[in-house]
Amino acid sequence: MKKITLGLLAICLSFRAVYAQQDPKAAATLDAVSKKYQQIKSFKAKFTYSLESPTAGINETSEGEIIVQGPKFNLKLSGQEIINNGTTVWTYLKESNEVNITNYEPGEEDITPSRIYSIYKKGYKYAFLEEKQEGGKVYEIIDLIPEDKNNQFFKVRLEINKKDKTIRSWKIFEKNGNRYLYTVKNFFPDFKVDESLFSFDKSKYKNVEVVDLR
């Protein structure tokens, strides 16, 4: 029993040591990913979203679509449409036919669709975990750990295509046990964007209730 205890302690200490400094191998991959996405003016992606909540007994999956251009994005997921023009966010709830309007004020460590490829640059430690093969492709697995211990999540796990440096998935681990997984099914770089996608047109939503929270 003593050997097992000491062995577990050694594993825990080595795990903590990995995150005590930035991992150069992870940094090289993350820098390559960031460079690639910065060169893409806009993109469209179709993805699956999964929520696991052991405490609430929830395990559900849905599909979504997103269009991104710089800080702007249009996200459709689970009966919601979130529109962000870089300064204002409209969140439309289909079931209640209601739209909430808020200012766009992301924190430095907030994970947004337009920042997932660059959040590692400030407020995170990171470590390269492993490579895995699936469907004839090789993926690099990297963990991001927020430096702010008060953050509601303690880890973000990225799965990156080793060949083209695109993000295949990211999984958010919350302290309360919830797990959020986003997996990209189709990715369309340099997608031709209609600017009207980044503003809410009230005339297209009959009898919509507008709640301005700014």
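In table form, for the structure just shown:
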{"read-out": "Residue within the stretch 197-209 that is within 20 Å of the chain's Cα centre (by Cα), of a type in the set (D, E, K, R), modelled with pLDDT under 95 and not in a loop (DSSP other than H, G, I, E, B) present", "value": "no"}
{"read-out": "Restricting the stretch 195-214 to residues that are in contact with a strand residue (DSSP E or B) (Cβ under 6 Å, 6 or more places away or on another chain) and open to solvent by 90 Å² or more (accessible area, probe 1.4 Å), the residue that is farthest from Asn97 (Cα to Cα)", "value": "Arg214"}
{"read-out": "Within the stretch 71-92, considering residues that are part of a loop (DSSP other than H, G, I, E, B) and either among the aliphatic types (A, V, I, L, M) or within 13 Å of Asn103 (Cα to Cα) (or both), the one most open to solvent (accessible area, probe 1.4 Å)", "value": "Thr87"}
{"read-out": "Of all residues making up the stretch 159-204, the number that are more than 21 Å from Gly70 (Cβ to Cβ) and either among the acidic types (Asp, Glu) or in contact with a Gly (Cβ under 7 Å, 6 or more places away or on another chain) (or both)", "value": "3"}
{"read-out": "Cβ-Cβ under 7 Å pairs, at least 6 apart or on other chains, the stretch 113-125 side closer than 14 Å to Lys165 by Cβ and among the aliphatic types (A, V, I, L, M), far side surrounded by 18 or more Cβ atoms within 10 Å (Cβ to Cβ) and at pLDDT 80 or above", "value": "Ile116/Ile167; Ile116/Trp170"}
{"read-out": "Filtered residues of the stretch 149-178 (kept if open to solvent by 70 Å² or more (accessible area, probe 1.4 Å) and in contact (Cβ under 8 Å) with a residue 12 or more places away in the chain)", "value": "Gln152, Phe154, Arg157, Lys162, Lys163, Lys175, Asn176"}
{"read-out": "Qualifying residue in the stretch 94-111 (condition: part of a loop (DSSP other than H, G, I, E, B), loosely packed, with under 15 Cβ neighbours inside 10 Å, at pLDDT below 95 and of a type in the set (Ser, Thr, Tyr))", "value": "yes"}
{"read-out": "Scan of the stretch 34-63 for residues that are in contact with an Asp or Glu (Cβ under 9 Å, 6 or more places away or on another chain) and either of a type in the set (Lys, Arg) or part of a helix (DSSP H, G or I) (or both), ordered by number", "value": "Lys36, Lys41, Lys44, Lys46"}
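The values are calculated or read from the model by the stated rules, or taken from the named source; none is laboratory data. This structure is a prediction, so every number in the text was calculated from the model and none was measured. In this analysis, Cβ positions are derived from the backbone assuming ideal geometry, glycine residues included, and neighbour counts consider all displayed protein chains. Just so you know, the surface numbers come from the protein's heavy atoms only, side chains and all, with ligands and any DNA or RNA stripped out. Shrake-Rupley method; radii C 1.70, N 1.55, O 1.52, S 1.80 Å.
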